[in-house]
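This report refers to the structure that appears directly beneath it.
The values are calculated or read from the model by the stated rules, or taken from the named source; none is laboratory data. All values derive from a computational prediction rather than experimental measurement. Note: ideal-geometry Cβ built from the backbone for every residue, glycine included; neighbour counts use all protein chains shown. Only protein heavy atoms, including side chains, enter the accessible area calculation; ligands, DNA and RNA are left aside. Shrake-Rupley method; radii C 1.70, N 1.55, O 1.52, S 1.80 Å.
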Amino acid sequence: MKTQRRPLMVLAILLGVLSVAACGKDKAPSEARAESGTKAAAAQPSELSVLIFPNYLDDKSIKDFETQNNARLRLTIYDSTEEMESKLAYAGADAQYDVVVMAAHASGRLARRGLIRPLDHAQLPNLKNLESRFSGPNFDEGNKYSIPYQWGTVAIIYNKKKIPNMDPTWGVLFDAQKTPGTFVLIDEMRDMVGAALKYKGFSSNTSKPEEIREAGRILKEAKSNPKCLGFKGGIGATQDVKGGSVDMAVVWNGDAQKVVWEDKDRLALVIPKEGSVIWVDVMTVPTKSPHPELAHKFINYMLTPDGGAQLSMMTKYATPNSAAQAKLPAEDRTNQLIYPTGDLATRLEAHRDLGESAKLYDEVWAAVKSN
């Protein structure tokens, strides 16, 4: 039996060897093509999707980051915190963005809703460059969910030719008897309500219902003033004053300063004597970010001395990056409208997370905008 089957066994073995050899010859090119395809795919740049305010990231930073990380940045623009939250909360939208630059006061609320994820500090070695007061801010203890990006104030830009004797008070907007010309209010709830609260001598972070409602009443009256031309984002309002279609506007200081420096004989910027607010914008990563590792690389890049300095030189806002400050021109570092000190600094109040009081702020703002 064994002797009769042995030739068959040998034949089977030979056929098996030939079959393996043949398969090897057929498979090798396929494997080579697969390996080649893998390498080609790896060489393709990854896309990082960033949700951000307009004109808030300079071209050089974009190009440098893309080159260093073999990536492409895709920017989606929004004009107000309300619009940003709407975009991020829309079904499945939190899986469309990798980084969201937002107002710090919104980050706590979005973290509680599970829309942004805790950050991995091990991937952020440049976190050490943050100025100490921003390394554990009151809106996000320990920078668990957010990293400061830029900070600034809310001010009034005006046309000196039309208003030569400008009284530096919020009253030029909120007291119809003192209004010297046409004006635009800023379309950002915390900043505009905060300005009204400061005008009344209240905290811009008050949780007292009567004070919040009083701010709403003031804004309603300002809106009903025939000289009020409505609400706009800071950039649009600045451009309106620059173009001459409005005499003054509530704006963010950086956007306005760039325009004022180009036309100092005609335009000016002032922080009202009652005080104003300090806002901080932060970088966050959505919970369902498609590229969280690349998102951390972007945040880490913006924390470099060069990345932070380049950004602030373009925006004319203050950098929270202490290593970047040293690289800024002296005219920026000493500018009180960018880095306020002394008496001016004492009249400014930083936004805080409002917690449950945010609901009343939202209600008051909705009533102002709808009437």
| request: Give me the accessible area of residue 218, 1.4 Å probe, in Å² rounded to the nearest 10. | output: 10
| task | Can you quote the Å³ per residue value for the convex hull of the Cα atoms in region 98-249, rounded to an integer? | result | 152
| request: Determine, from the Cβ-Cβ distance of residue 133 and residue 112 and an R0 of 22 Å, the FRET efficiency 1/(1 + (r/R0)^6), rounded to the nearest 0.05. | output: 0.40
| said: For region 239-296, what are Rg and Dmax over the alpha carbons, in angstrom? | reply: 17.6, 49
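With r as the distance between the Cβ atoms of residue 224 and residue 200 and R0 = 25 Å, compute the FRET efficiency 1/(1 + (r/R0)^6) and round to 0.05. Walk me through the numbers before you get to the answer.
On the way: r = 18 Å, r/R0 = 0.72.
Efficiency, from the Cβ-Cβ distance: 0.90.
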| query | Taking 0.36 nm per residue of separation and subtracting the Cα-Cα distance, what length does fully extending residue 123 through residue 306 add? | reply | 64.0 nm
| query | For region 243-371, what does the alpha-carbon gyration tensor say about shape, rounded, prolate or oblate, given a ≥ b ≥ c as the root eigenvalues, a/c under 1.5 as rounded, and a/b over b/c as prolate? | reply | oblate
| remark: Farthest towards the positive end of the dipole of the chain, among 166, 268, 119 and with Cβ unit charges of +1 on Lys and Arg and -1 on Asp and Glu, lies the Cα of 119
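Solvent-accessible area per residue for region 116-217 at a 1.4 Å probe radius, Å²?
40
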| task | Please build a GNM for the chain, connecting alpha carbons under 10 Å apart, and tell me which residue among 159, 69, 321 fluctuates the most. | result | 69
| query | Dimensions of the chain along principal axes (Cα, Å, largest first)? | reply | 118, 43, 38
| Computed helical MRE - 222 nm, the chain, DSSP H runs ≥ 4 contributing -39500 (n - 2.57), nearest 500 | -14000 deg cm²/dmol
| query | What span do the alpha-carbon atoms of region 298-371 cover on each of the three principal axes, reported in whole Å from largest to smallest? | reply | 46, 35, 23
| note | Expressed as a whole-number percentage, the relative contact order of the chain with C-alpha contacts under 8 angstrom and at least six residues apart is 25
| Rounded, prolate or oblate (a/c below 1.5 giving rounded, otherwise prolate when a/b exceeds b/c) for region 66-185 by Cα gyration tensor | prolate
| Pick from 61, 224, 49: which residue has the top mean-square fluctuation in a GNM of the chain where Cα pairs under 10 Å get a spring? | 224
| note | Where a ≥ b ≥ c are root eigenvalues of the Cα gyration tensor, a/c under 1.5 meaning rounded, otherwise prolate if a/b exceeds b/c and oblate otherwise, region 164-270 counts as prolate
| request: Summarise the accessible area of region 107-189 (1.4 Å probe, protein heavy atoms) by the percent that is carbon and sulfur. | output: 46
